[in-house]
Amino acid sequence: GRHEDEFVHLDDVAALHASREQLARGAEHTAATFRFRCRDGSYSWTELRSRRVEGDGSWLVVSALRDVSEHQQLTMALKHEASTDPLTGVANRTVLMDRLRQGLRRMERGNGVLVVLYVDLDRFKVVNDSLGHRIGDAILLKMAERLLHHIRPSDTLARLGGDEFVIVAENMADEHAATELAKRIIEAGREPFQVGVEECVCALSVGVASTVASQRAAEDLLREADLALYRAKDRGRDRAEVFDEELQTKAVGRLVIERMLRRALD
């Protein structure tokens, strides 16, 4: 004598209602996947397939419900693997670029400054080679956890591979707020890591790029942060550098030289 909505997970009620509305509008078949509450209070993923049956001026619905928990869990696991870095569990490059493009589109509503921080562990190869990949992987995992602690829930942290991380922060107040975030990231890298009996420090270099223009290309913004990172490396590491016109001029100059070389080789 209770309505089925009472047994459906709150986040999935809308899917069930949409299925009903399709049948009410004359659809012959519908399918909906949602979490249904079991007797013990836990939820199982279920699939509801419904068919509209007409007769004698009225209609009724015939439905079949089946447990799809195993399939749903596998699907969710595959999606997770496709969107995260397998070592650290943070976002991968694909998700990073998608979030960056979404952030740029949201800039059309004038949401502050969008900031990209390109983060690299200084001399990580030395640590990896001397202490081994097991220790190196443990440090990368701890660094990811440390970086997550210093950013907002709305920000995105991604690992591009090796010892390179990227942070995308939307709706920052101004460029000063971006540099302050970079400073906090630098300070986080100066804290020693304790991995088993080993203690080591992996300082960070950070490149910062920002924009208030929604028409910017995500790839260009990431490249600018990368260029700023290389300047931080050139100037002694363990520091942050901001992309500016000087770096833009150098980048354009290198591009012209590369084109000239390609033409000469062709």
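The values are calculated or read from the model by the stated rules, or taken from the named source; none is laboratory data. As the structure is a prediction and not an experimental result, all values here were calculated from the model. Neighbour counts are summed over all protein chains in view; Cβ atoms, including those assigned to glycine, are modelled from backbone coordinates with ideal geometry. Protein only, heavy atoms only, side chains kept; ligands, DNA and RNA dropped before computing areas. Shrake-Rupley method; radii C 1.70, N 1.55, O 1.52, S 1.80 Å.
Name the residue, out of 47, 28, 21, that is at pLDDT 85 or above, of a type in the set (D, E, K, R) and open to solvent by less than 50 Å² (accessible area, probe 1.4 Å).
Result: 47 is the single residue among 47, 28, 21 that is at pLDDT 85 or above, of a type in the set (D, E, K, R) and open to solvent by less than 50 Å² (accessible area, probe 1.4 Å).
Out of segment 74-101, which residues are farther than 23 Å from residue 229 by Cβ and assigned to a helix (DSSP H, G or I)?
Scanning segment 74-101 gives 74, 75, 76, 77, 78, 79, 80, 81, 82, 83.
Checking the condition free of Cβ contacts under 8 Å to residues at least 24 places away in the same chain and either open to solvent by less than 30 Å² (accessible area, probe 1.4 Å) or within 14 Å of the chain's Cα centre (by Cα) (or both), which residue from 85, 155, 122 passes?
155
If I ask for residues that are under 23 Å from the mean Cα position of the chain (by Cα) and open to solvent by 40 Å² or more (accessible area, probe 1.4 Å), which ones from segment 192-216 would you list? Walk me through it before giving the result.
The initial filter retains those residues of segment 192-216 that are under 23 Å from the mean Cα position of the chain (by Cα), namely 204-216.
Scanning segment 192-216 gives 212, 215, 216.
Suppose we filter segment 102-113 for residues that are at pLDDT 90 or above and not in a helix (DSSP H, G or I); how many remain?
1
Just to verify a result, which residue in segment 143-188, among those that are touching a Lys or Arg at 6+ places or on another chain (Cβ under 8 Å) and in a helix (DSSP H, G or I), is nearest to residue 237 (Cα to Cα)?
186
Of the residues 95, 61, 116, which is at pLDDT 90 or above, in contact with a Leu (Cβ under 8 Å, 6 or more places away or on another chain) and not small (Gly, Ala, Ser)? Step through it out loud before you land on a result.
On the way: 95 fails: in contact with a Leu (Cβ under 8 Å, 6 or more places away or on another chain); 61 fails: at pLDDT 90 or above.
Answer to the selection: 116.
Filtering segment 22-73 down to residues that are part of a loop (DSSP other than H, G, I, E, B), of a type in the set (D, E, K, R) and free of Cβ contacts under 8 Å to residues at least 24 places away in the same chain, which residue is nearest to residue 5 (Cα to Cα)?
Step one: filter segment 22-73 for residues part of a loop (DSSP other than H, G, I, E, B), giving 25-28, 38-42, 56-57, 68.
Filter once more, so that each one left must be of a type in the set (D, E, K, R): 25, 28, 39-40, 56.
Applying the additional criterion that residues be free of Cβ contacts under 8 Å to residues at least 24 places away in the same chain yields 25, 39-40, 56.
On the way: 25: 20, 39: 15, 40: 17, 56: 29 Å.
Per the stated criteria, the residue is 39.
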